[in-house]
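S.K.: Here it is: the structure, laid out below.
The values are calculated or read from the model by the stated rules, or taken from the named source; none is laboratory data. Predicted, not measured: the structure shown is a model, and the values here were computed from it. We place every Cβ from the backbone using ideal geometry, glycine too, and count neighbours over all the protein chains shown. These accessible areas exclude ligands, DNA and RNA; they are computed on the full protein's heavy atoms, side chains included. Shrake-Rupley method; radii C 1.70, N 1.55, O 1.52, S 1.80 Å.
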Amino acid sequence: MGIRWNSPLAQVIAVGFICFCCPGMFNALNSLGGGGQLDSKVGQNANVALYTCFAIFGLLAGAIHNKLGPKWTILIGCSTYVLYAVSLLCYNHTKNGAFTIAAGGLLGVGAGMLWTAQGATMMAYPREHDKGKFIGYFWAIFNAGAVLGSVIAFAINNKVVVAQSLGDTTYIVFISLMVLGTLIALSLCPPTSVAHSNGDKIQIQAFPTWTGEVVAVMKLFLDWHMIVLIPMFLSSNWFYSYQFSTVNGDYFSTRTQSLNNIFYWFSQIGGSWTFARVLDYQGVNRKTRSLWGLIIITACFVATWIGGIFFQKTYTFDDPKGNHDYTEGASYVGPLFLYMFYGLNDAAWQTYCYWLMGALSNDVTVLSRYAGFYKCIQSSGAAIAWRINAVGTPYMTELIICFALLVASLPGALFLTFRIKDHSDEVTSEHDMHNVDGKHEIVA
């Protein structure tokens, strides 16, 4: 039997393909360093504008989503990804950095809307025992977009040995895929029509008033569940500027950057999918799984970033821009594996953040606020990090800040794990209660 279009699984998969086309392609561009431009300054400053606006509108986007619904919220968000890619194509010909930076700011507004709607859909639509799997499905599809984007960039630029900006053809392909993702958003169902196979509807609070919604969002700053996770949220995108600009952008040749990103984003698929299985394992209670998850991601990031310290000792900010190529053989393999583990750790870290929030509620309205709060804090950190990168901070200093923030996230996350309940306060149905501890298949 096929999947019903108004089933939770079909809707999460649809949102996954939308993000495959829009944020996925954006990630492929952004991970090249400077949006694929040889002069990375304009891309770095655009990222500062992007994440600053993302932080503001991420917080407000929960209210927008709860009023407009996922279809229109995501559609508007996707259109700003198209505009940003167009601005980079324009920059190839006009060198108009102001347009690219302004487009980055507008992308921040749109990304806040898209990712808040995405987070609410991914966390609220599945039943409690399937939340990790749905997060894994989404993350795999979404990051496959970045893998494809990196394959396209590598195929087009494979003969480019020296570092230079991406060509028009690459940007045009990315723009076309982003337009496709924007159109897919029109097919999304309203939450009121989404139903499980047994007829159960997802939980939705009635939209109060704009004032009531804003008050509910602002109260999140007083909610201890969110407060203890602020360091974890803040650190969850902080390292992108270091990984994409300092490591990939400043050490490797243009074509090798694209090749590296194929492995980076592919590692994210494996990292999220495998880690989601651990978080949904039904042999132990949810509190134990949350503790297992924290131990695993801690061990992974500590080992990886210690390896990063040794690698970073091999070059500094004052050295000429690197042009290391994959043809160098054995000397290339070590940095490639480090970069892959950076990607795997990112996926596991963000999967854990979403799973923790999903363990706190089943209500799409509440979770849209949580997702907006998460993106607000996450993007605030990213805006600061990209500014630190843009002003020429020593590379080792960048790395130490990233590492320190990840370590600082652990106490709050540990505090919350010991207070995770086996069932959220709002359980969607008795069917959920009966099946949480037993064998089951994913319910569409």
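S.K.: For q values of 0.21, 0.22, 0.29 Å⁻¹, compute log₁₀ I(q)/I(0) with the Debye formula on a Cα-only model of the stretch 368-423, without solvent.
M.R.: Those come out to -0.94, -0.98, -1.13, one per q.
S.K.: With +1 on the Cβ of every Lys and Arg and -1 on the Cβ of every Asp and Glu, and nothing else charged, how large is the dipole of the chain about its Cα centre, in debye rounded to the nearest 20?
M.R.: For the chain, the charge dipole is close to 220 debye.
S.K.: Shifting gears a bit: With a 1.4 Å probe and all protein chains in place, put PHE317, PHE233, PHE20 in order of accessible area, largest first.
M.R.: PHE317, PHE20, PHE233
S.K.: For the stretch 1-159, build the charge dipole from Cβ charges (+1 Lys, Arg; -1 Asp, Glu) around the Cα centre, then report which of CYS21, ASN157, ASN96 sits farthest towards its positive end.
M.R.: CYS21
S.K.: Let me ask something else. Report the accessible area of LEU68, computed with a 1.4 Å probe over the heavy atoms of all protein chains in place, in Å² rounded to the nearest 10.
M.R.: Looks like 80 Å² after rounding.
S.K.: Put +1 on the Cβ of each Lys and Arg and -1 on the Cβ of each Asp and Glu in the stretch 188-283; which of LEU259, ALA216, GLN282 then has its Cα farthest toward the positive end of the dipole?
M.R.: Going by the charge dipole, the pick is LEU259.
S.K.: Show that you can apply the helix-only estimate: for the chain, add -39,500 (n - 2.57) for every DSSP H stretch of four or more residues, divide by all residues, and state [θ] at 222 nm to the nearest 500.
M.R.: -23000 deg cm²/dmol
S.K.: I would also like to ask the following. Between 0 and 90 degrees, rounded to the nearest ten: what's the tilt of helix 8-21 against the longest Cα principal axis of the chain?
M.R.: 10 degrees
S.K.: For the chain, give the percent of accessible area contributed by carbon and sulfur heavy atoms, probe 1.4 Å, rounded to a whole number.
M.R.: Of the solvent-accessible surface of the chain, carbon and sulfur hold 70 percent.
S.K.: Could you check the simple spin-label distance between LEU186 and VAL215, using points 7 Å along Cα→Cβ, in nm with one decimal?
M.R.: It works out to 4.0 nm between the two label points.
S.K.: Largest first, please: the extent of the C-alpha atoms of the chain along each principal axis, to the nearest Å.
M.R.: Its Cα atoms span 62, 44, 41 Å along the three principal axes.
S.K.: Choose one of LEU336, TYR240, LEU59: the residue whose Cα lies farthest towards the positive end of the charge dipole of the chain (beta-carbon charges +1 Lys, Arg; -1 Asp, Glu; about the Cα centre).
M.R.: Result: LEU59, furthest along the dipole toward the positive end.
S.K.: Taking the Cα atoms only, what angle lies between the long axis of helix 364-390 and the longest principal axis of the chain, rounded to 10 degrees?
M.R.: 20 degrees
S.K.: Next up: Taking a virtual spin label 7 Å from the Cα of VAL302 along the C-beta vector, which residues in the stretch 265-285 bring their backbone nitrogen under 18 Å of it?
M.R.: No residue passes the distance filter.
S.K.: Turning to a different aspect of this structure: What is the percent of Cα-Cα separations in the stretch 310-415 that go past 20 Å?
M.R.: In whole percent, the share of Cα-Cα pairs in the stretch 310-415 beyond 20 Å is 57.
S.K.: Sorting HIS225, HIS129 by accessible area (1.4 Å probe), largest first, what list results?
M.R.: The residues order as HIS225, HIS129, largest area first.
S.K.: A further question follows. Taking amide hydrogens as modeled 1.01 Å from N in the peptide plane, which residues meet the under 5 Å criterion relative to ASN285, leaving out close sequence neighbours?
M.R.: The list, which skips near neighbours in sequence, is empty: none.
S.K.: Would you kindly state how much longer the chain becomes between ALA404 and SER193 on full extension, computed as 0.36 nm times their sequence separation minus their alpha carbon distance, in nm to one decimal?
M.R.: This chain segment gains 71.5 nm when fully extended.
S.K.: Starting at the first residue of the stretch 268-273, write each ³J(HN,Hα) from the Karplus equation 6.51 cos²θ - 1.76 cosθ + 1.60 with θ = phi - 60°, in whole Hz, x for Gly and Pro.
M.R.: 5, 4, x, x, 5, 4
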